[in-house]
Amino acid sequence: MTTRKRSGSGSKRQLKEKVVQIYESFFKGDETYKTNATFWDEFFLLKPKVTHLENEIQKITQEQLSTTVKDNINELFSQCIETLTHENGPQASKEQYIRIICAMQTLCALVHAVYKRITAESGLDIINLLIGFEDAEKKMQKILDHCHNFLTGEYPDSLKGLCLKLLLVFVTGTENVSQNTLVEYIMITSMFECLMQLLCDAPKRQLHGHDVVLLLTLLVNYRKHETANPYVVKLSILDDELALNGYGQVITSSLTEFCRQFTLQQSEMQNASWLSSLTNMVGNMFISEEGAIRTQQIRANNALLVALYEAIHLNRNFITTLSQTQTDTSLPPSPSNTLNAGQSAPNLTNLPVVDIIAQPSNLLVTFFQYCSIIMQDTKSESGGNTVKLCFLILSCIAEDQYANSLMHDISLTFKVHLHRMPMRHRKVSIDKIAASQPLASTLLDLLVEFIMSHMMKKFPMELYTLCIGVIHRILCYQKRCRVRINYQWKELWTALITLLRFLVQNESQLTKKMNIFDLLIQVVNILNLFITYGDTFLPTPGSYDELYYELIRMHQVFDNVYTMGLRYASGDSEFKDNAQKLNNCLINIRAIIKHFSPKIEQWLTAQNLSTPSEDQILEVVRKNYDSLTLKLQDSLDQYERYSEKPKHTQFFTTMVRNVVSDTRQSIDFATIDFQIIIQDLQTN
């Protein structure tokens, strides 16, 4: 069935809203505002149409941008600023507030759209195109003064939220934040204090905390190795306990929510029928929707991981926050918590779920649990980068004296549910109740799990090096402070020896791509640390016996490592020096094996036994310690302290670029509910 329309008669066209008509004419060069004295007052009472505004700017040719339309863009930017001035403090009229909100939203859309037009090839300058060189400093100062005023005064939360969105639009305009010339104005006018004020206020933190921490993180990374960055300086010396706790609670809340969602999904999968499990198994052969969503959530949380890194790396006072029991359980709006907003939630009411909020928790507990989830993915580049970031954070924590004292405090014990990667040779029970233990033990459990679950063809060499480095730092602290924890050290020794065996077995493939000798030396020296100094931190003399038993029992692995090292040391390999160093590190382990193996054989012959028990072997070991001679090895308890520059500078540049890119795409200044704004105005 068709409908006929008569020319010139009542055929209906969709009418364009007035504000859209204004955009179209304005960005074609129309200057009606010059002849209409009330133009701007009326314009800022119209609800902005963000998508239309951005589309009109995208239509403008490059020539028009730099000539005819540039003046109108400058004028719109200036009028937005002037409109922010049209208010009498918190007591401004409702009409004035609406104009301010519309001006802020228009500013966000204008800056966001103009940034899209600035490319290396365009030859356009953001300052000239948006503001004009002559008044740039004065106008940017005005905007930042208004933002400071709105963020610190008794203004509606909707306005505070828009201020933070505008600042994020400014900061994320270019892929490399250090090349963003507009950020220089934010450096001159520090917003640090007013951002800290928001973090100190619990209700404000729940609403705006994520944006505040994200903004601070990006500002801290502005040319931080090139010039004196005031945000780096102020974050380094911040000692306001409320602000530091607020900063930590924002991170904890988002990571906790991610862990909660993951636990719910795992519980749902475990309780599914065998048919559903089969369907999931087949579905997982492809890129599942759930997997894609989880990857998005992890990327969204990378900003908070960078924030955590900066706080730990720069501010020693923040370490105390790591152990503070978290009571602020309300979750702030953040990308990780809103990615599933458009999807119906699964019915999980009948599933047994570990309530991670009901139990005492802190930032370290949450971070360890989060690490156990994201460390399961190292195959993708983005997943590997996230895991590396976690290991760098752990390295900073493991180097800190106070953090170590907290983690080793036997009076501070927590039940941490560490997730384990599904593997063919073991079943993973999601209902496993974790033992209450010091966090140092939990951290060692996490690291042992990583070692055991990532020995794969695509071997993540750098991640293993960082992992072993964290273990080394923990042991150095225990040796230095003579701290003994009741830990199952055999699990660590088994993991280290298993890693040695894997490296030797896959030596021909791995040495084509990487230098495995550095990692072998690291692992052997950790075992040497136990041999030489174990009496200062192992819990009992019996632990020493168990160590020797494992070395003797797995002697074939060490023989193979030595044989491999000898082969490379005697040839013309590029690894010749490393191989020689490795074999030198094996001196004491080989001495132990050579000393005890004949003693055990003699005892077995005398007892006419072929399969002795572990206790019988341990007894032989105990009786023959006195005749064992070992060499004292130097620098086993020394390590190179962590430094971001120069080794990891490029890594963080890449991570911050990814955060900028993700933030730029997720900043939501378009969906503003004016009904909520009216309610805000009525309650303020």
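The values are calculated or read from the model by the stated rules, or taken from the named source; none is laboratory data. Fair warning: this is a prediction, and the values are worked out from it, not measured in the lab. Here Cβ is always computed from backbone atoms with ideal geometry, including for glycine, and neighbour counts include all displayed protein chains. Ligands, DNA and RNA are excluded from the accessible area calculation, which covers all protein heavy atoms including side chains. Shrake-Rupley method; radii C 1.70, N 1.55, O 1.52, S 1.80 Å.
Could you tell me which of the residues 15, 46 is more than 20 Å from residue 114 (Cα to Cα) and either at pLDDT below 90 or among the basic types (Lys, Arg) (or both)?
15
Residue 33 meets each of the listed conditions (1) touching a helix residue (DSSP H, G or I) at 6+ places or on another chain (Cβ under 6 Å); (2) touching a residue at least 60 places away in the same chain (Cβ under 8 Å) apart from (2).
Residues that are within 32 Å of the chain's Cα centre (by Cα) and open to solvent by 10 Å² or more (accessible area, probe 1.4 Å) do not occur anywhere in the range 540-551.
Among all positions in the range 498-511, there is at least one residue which is over 21 Å from residue 615 (Cα atoms) and either in contact with a Gly (Cβ under 7 Å, 6 or more places away or on another chain) or not in a helix (DSSP H, G or I) (or both). Among helices (runs of 4 or more DSSP H) entirely within the range 170-225, having at least 2 residues that are of a type in the set (A, V, I, L, M, F, W, C) and under 21 Å from the mean Cα position of the chain (by Cα) singles out 192-200, 202-220. Of everything in the range 527-546 that is more than 13 Å from residue 479 (Cα to Cα) and small (Gly, Ala, Ser), the residue that is modelled with the highest pLDDT is 543.
Within the range 456-465, the set of residues being surrounded by fewer than 18 Cβ atoms within 10 Å (Cβ to Cβ) and at pLDDT 95 or above comprises 461, 462, 465. Look at the range 416-451 and say how many of its residues are open to solvent by less than 40 Å² (accessible area, probe 1.4 Å), modelled with pLDDT under 95 and among the β-branched types (Val, Ile, Thr). Qualifying residue count for the region: 2. Applying the criterion of being of a type outside the set (D, E, K, R) and open to solvent by 100 Å² or more (accessible area, probe 1.4 Å) to the residues of the range 482-508, the residue that is farthest from residue 564 (Cα to Cα) is 486. Is at least one residue of the range 521-542 of a type in the set (A, V, I, L, M, F, W, C), in contact with a Lys or Arg (Cβ under 8 Å, 6 or more places away or on another chain), more than 25 Å from residue 618 (Cβ to Cβ) and in a helix (DSSP H, G or I)? The answer is yes, given that some residue of the range 521-542 is of a type in the set (A, V, I, L, M, F, W, C), in contact with a Lys or Arg (Cβ under 8 Å, 6 or more places away or on another chain), more than 25 Å from residue 618 (Cβ to Cβ) and in a helix (DSSP H, G or I). Kindly indicate whether residue 653 is more than 35 Å from the chain's Cα centre (by Cα) and either surrounded by fewer than 16 Cβ atoms within 10 Å (Cβ to Cβ) or assigned to a loop (DSSP other than H, G, I, E, B) (or both). The answer is no for residue 653. Within the range 35-45, restricting attention to residues that are surrounded by fewer than 13 Cβ atoms within 10 Å (Cβ to Cβ) and in contact with an Asp or Glu (Cβ under 9 Å, 6 or more places away or on another chain), which residue is nearest to residue 101 (Cα to Cα)? Top of the filtered list is 45.
Restricting the range 232-250 to residues that are open to solvent by less than 20 Å² (accessible area, probe 1.4 Å) and either touching a Gly at 6+ places or on another chain (Cβ under 9 Å) or aromatic (Phe, Trp, Tyr) (or both), the residue that is farthest from residue 377 (Cα to Cα) is 246. Of all residues in the range 218-231, those that are more than 18 Å from residue 306 (Cβ to Cβ) and in contact (Cβ under 8 Å) with a residue 40 or more places away in the chain have Cβ atoms under 8 Å from Cβ atoms of residues that are aromatic (Phe, Trp, Tyr) and outside any loop (DSSP other than H, G, I, E, B), 6 or more apart or on another chain, in 230/192. Only a single criterion out of (1) surrounded by fewer than 15 Cβ atoms within 10 Å (Cβ to Cβ); (2) at pLDDT 95 or above; (3) not acidic (Asp, Glu) is not satisfied by residue 665, namely (2).
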